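**Student:** This is the structure I want to talk about, given as structure tokens.
The values are calculated or read from the model by the stated rules, or taken from the named source; none is laboratory data. The structure displayed is predicted, hence computed values, not measured ones. Positions of Cβ are backbone-derived with ideal geometry, glycine not excepted, and every protein chain shown enters the neighbour counts.
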Amino acid sequence: MVMSPDEAFSLLALQAGPPHPVLSLQLSLCFVLFAAIFAFWLWPGGLAWALAKARPAKAATSVPGPSGVPVLGLVFAFTGSLTHRVLDEISRALEAKKLMAFSVGFTRFVISSEPETAKEMLNSSAFADRPVKESAYELLFHRAMGFAPYGEYWRNLRRISATHLFSPRRVAAFGRFRAEIGLQMVAEIKCLMEERGEVGVRKLLHFCSLNNVMMTVFGRSYDFGARNGGGHGRSDELELERLVSEGYELLGVFNWGDHFPLLRRLDLQGLRGRCRKLRDKVNAFVGRIIEDHRMRRKAARGQSNDEEDDGSGDFVDVLLDLEKENRLSDADMIAVLWEMIFRGTDTVAILLEWILARMVLHPDVQAKAQAEIDAALGSAARAVADSDLPGLPYLRAIVKETLRMHPPGPLLSWARLAVHDTHVGGHFIPAGTTAMVNMWAITHDEAVWPDPGEFKPERFLEEGGGVGIMGSDLRLAPFGSGRRVCPGKAMGLATVELWLAQLLQNFKWVSYPDRGVDLSERLKLSMEMKHSLVCKAIPRV
Ligand code: HEM
């Protein structure tokens with residue numbers, strides 16, 4: 001029997017009967033769900049912004065931003081290693097340099113790639129907290145200064161370290177050690193050149209930087225024999241190097257669980273277990289150093305009871321002196337000391353590697369800096385020292401220009417968190433939003449810096465060195481700005497400038513034949529060279 005389409009349709013309708021109430025409810029629910037997902041997907045800034053507290057009626061407009069991949073948002077910008085560049089491209093494309101909203105899973109972000117708005121955010125008391133990743137929490141960093149919530153405990157740590165670790169007097173007092181370590185580095189480079197004819201600078205810089213922080217914070221130093229397997233059972237040094245690099249890796253990894261609460265429980269990446277193992281090792285290592293200090297102090301008690309900070313003790317002594325008054329537990333002290341080692345090592349080594357890469361690439365700049373050093377020291381055949389640095393403006397301009405082109409913290413390392421509802425540039429930002437500044441985007445913006453892609457240290461001389469880099473001018477603020485600006489900035493700069501002067505005074509840096517210099521970047525916890533620099537250091541003296 002042949003049936004016309006009309007007949008077939010009427011038959012089906014008869015068989016289906018009147019619409020079933022449960023079925024139509026399901027259909028409506030599906031429709032609502034689909035519409036909601038679609039709306040969330042298209043929402044400026046994506047899912048986390050769609051779920052956020054509604055903007056008050058008087059708040060001007062919502063923050064512009066990409067909705068990203070449904071539910072995931074901009075996850076893939078963060079799983080790659082060029083997050084700063086990806087975010088810059090998106091904010092340029094959306095004309096959202098001032099402020100852009102986006103989501104990573106259920107985490108709500110805003111980012112600024114423009115100096116004025118960046119300053120407004122970093123200097124606002126509303127953004128005085130930091131979001132604490134699970135790995136940071138597991139590694140006890142929430143008890144250290146960098147991740148401690150804004151409040152009495154954090155203020156106390158800032159005050160103690162500003163007085164006893166980062167004060168100009170303390171930074172100057174450690175100049176002698178910096179210079180000694182720099183000279184050891186020079187000697188080691190000479191040996192490497194004789195043995196291999198080339199220098200892989202990363203490992204060396206990392207070792208020296210670690211040693212420098214160890215001396216400042218723990219009052220301990222290690223020699224190069226220890227690094228090369230010589231020395232007398234100094235496996236401590238190697239262990240510490242391992243602990244620090246494991247910590248870097250763990251803090252730098254993108255943890256899906258930080259942005260997707262369901263995945264957090266599962267810990268599919270196994271980060272929690274690794275963090276706990278590392279935490280136990282760090283507790284044992286740093287705990288041992290604290291105990292050694294206690295024993296030494298006990299033994300010395302009675303002979304000298306000088307409580308005054310005469311600039312000769314280390315930071316462990318300072319914390320032990322203040323232990324009771326500031327109610328610091330052993331766990332707090334371990335966290336604080338560990339963070340200093342951690343933060344002070346990587347940034348300095350990474351910045352110097354970028355500078356040396358630039359020196360190899362720009363022989364004219366290198367020669368000019370060397371001529372400046374030779375002129376400043378006159379005919380005296382002595383090693384360059386801290387006191388020579390004020391007379392080396394070109395060398396300091398090289399450091400600034402490298403910080404501009406290769407900021408170690410292109411997204412200002414550790415983001416900020418809105419502690420309460422606030423407004424930025426007239427936009428409503430709900431409490432709990434993570435705020436970031438794309439310092440890399442600002443320092444590469446042609447509207448802010450002429451010829452941003454060119455390495456020209458002279459730009460800092462032409463303006464009379466006018467752009468301050470310590471956080472007051474957001475055109476170049478590699479150390480952040482506001483309440484949570486980097487407290488170690490003066491110490492970090494003093495180290496980088498002195499070691500650069502020593503390295504340039506002693507060697508001419510040239511590329512290894514056929515190898516050149518690869519400036520590719522890789523953003524982990526800090527932005528480092530993707531392929532570490534291997535070059536030749538030809539002795540000048
Ligand atoms: C070239 C060297 C360095 C660079 C580029 C650098 C960069 C930064 C940046 C961008 C921040 C975040 C600032 C903000 O949120 O506004 C920061 C914070 C911090 N830095 Fe540095 N840093 C350097 C050296 C050091 C050194 C040598 C130490 C200590 C030994 C240190 C300890 C810290 C600490 C403890 C914080 C957290 C401060 C807080 O949250 O209150 N940094 N650093």
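**Student:** Residues of the stretch 116-146 being of a type in the set (D, E, K, R), closer than 28 Å to Arg274 by Cα and within 13 Å of the ligand (Cβ to nearest atom), which ones?
**Tutor:** Hits for the stretch 116-146 are Asp129, Arg130, Arg143.
**Student:** Just the residues that are within 15 Å of Leu403 (Cα to Cα) and in a loop (DSSP other than H, G, I, E, B), please, taken from the stretch 449-465.
**Tutor:** Once the filter is applied, which keeps residues that are within 15 Å of Leu403 (Cα to Cα) and in a loop (DSSP other than H, G, I, E, B), the stretch 449-465 yields Trp449, Pro452, Gly453, Glu454, Phe455, Lys456, Pro457, Glu458, Gly465.
**Student:** Return yes or no: is Gly231 on the phi > 0 side of the Ramachandran plot and either part of a helix (DSSP H, G or I) or modelled with pLDDT under 95 (or both)?
**Tutor:** Numbers: on the phi > 0 side of the Ramachandran plot: yes; either part of a helix (DSSP H, G or I) or modelled with pLDDT under 95 (or both): yes.
Yes.
**Student:** Whether any residue in the stretch 95-108 is among the aromatic types (Phe, Trp, Tyr), surrounded by fewer than 19 Cβ atoms within 10 Å (Cβ to Cβ) and touching an Asp or Glu at 6+ places or on another chain (Cβ under 8 Å) is what I want to check.
**Tutor:** So the first thing to find is which residues in the stretch 95-108 are among the aromatic types (Phe, Trp, Tyr), and the list is 102, 106.
Those still in the list that are surrounded by fewer than 19 Cβ atoms within 10 Å (Cβ to Cβ) too: 106.
Then keep just the ones that are touching an Asp or Glu at 6+ places or on another chain (Cβ under 8 Å); that gives none.
No, the stretch 95-108 has no match at all.
**Student:** Which residues, counting only those in the stretch 17-54, are at pLDDT 75 or above and either under 18 Å from Leu99 (Cα atoms) or β-branched (Val, Ile, Thr) (or both)?
**Tutor:** Across the stretch 17-54, the qualifying residues are Trp43, Pro44, Gly45, Gly46, Leu47, Ala48, Trp49, Ala50, Ala52.
**Student:** Which residues, taken from the stretch 510-541, are small (Gly, Ala, Ser), touching a Gly at 6+ places or on another chain (Cβ under 8 Å) and more than 16 Å from the ligand (Cβ to nearest atom)?
**Tutor:** Start the filter on the stretch 510-541 by keeping residues that are small (Gly, Ala, Ser), which leaves 511, 516, 520, 526, 532, 537.
Right, trim to touching a Gly at 6+ places or on another chain (Cβ under 8 Å) and you get 526, 532.
Selection gives Ser532 alone.
**Student:** Which number in (1) exposed (fewer than 15 other Cβ atoms within 10 Å of the Cβ); (2) within 16 Å of the ligand (Cβ to nearest atom) marks the one condition that Ala441 misses?
**Tutor:** Going through the list (1) exposed (fewer than 15 other Cβ atoms within 10 Å of the Cβ); (2) within 16 Å of the ligand (Cβ to nearest atom), Ala441 breaks only (1).
**Student:** Can you name the condition, by its number, that Ser81 falls short on among (1) more than 21 Å from Gly426 (Cβ to Cβ); (2) at pLDDT 90 or above; (3) assigned to a helix (DSSP H, G or I)?
**Tutor:** It is condition (3) that Ser81 fails.
**Student:** Under 24 Å from Gly182 (Cβ atoms), within 24 Å of the chain's Cα centre (by Cα), in a loop (DSSP other than H, G, I, E, B) and more than 12 Å from the ligand (Cβ to nearest atom), is that true of Pro487?
**Tutor:** Numbers: under 24 Å from Gly182 (Cβ atoms): yes; within 24 Å of the chain's Cα centre (by Cα): yes; in a loop (DSSP other than H, G, I, E, B): yes; more than 12 Å from the ligand (Cβ to nearest atom): no.
No, not satisfied.
**Student:** Among the listed residues Glu528, Glu497, which satisfies the condition of being surrounded by 15 or more Cβ atoms within 10 Å (Cβ to Cβ), charged (D, E, K, R) and in a helix (DSSP H, G or I)? So that I can check it myself, show each step before the final result.
**Tutor:** On the way: Glu528 fails: in a helix (DSSP H, G or I).
Within the list Glu528, Glu497, the selection yields Glu497.
**Student:** For residues that are farther than 21 Å from Gly146 by Cβ and surrounded by fewer than 17 Cβ atoms within 10 Å (Cβ to Cβ), scanning just the stretch 236-260, find the one that is modelled with the highest pLDDT.
**Tutor:** Filtering the stretch 236-260 for residues that are farther than 21 Å from Gly146 by Cβ and surrounded by fewer than 17 Cβ atoms within 10 Å (Cβ to Cβ), the one modelled with the highest pLDDT comes out as Arg242.
**Student:** Now a separate question. Could you please tell me which pairs satisfy a Cβ distance under 7 Å, a separation of 6+ or placement on different chains, a first residue in the stretch 160-172 that is basic (Lys, Arg), and a second residue that is modelled with pLDDT of 90 or more and not in a helix (DSSP H, G or I)?
**Tutor:** Pairs found: none.
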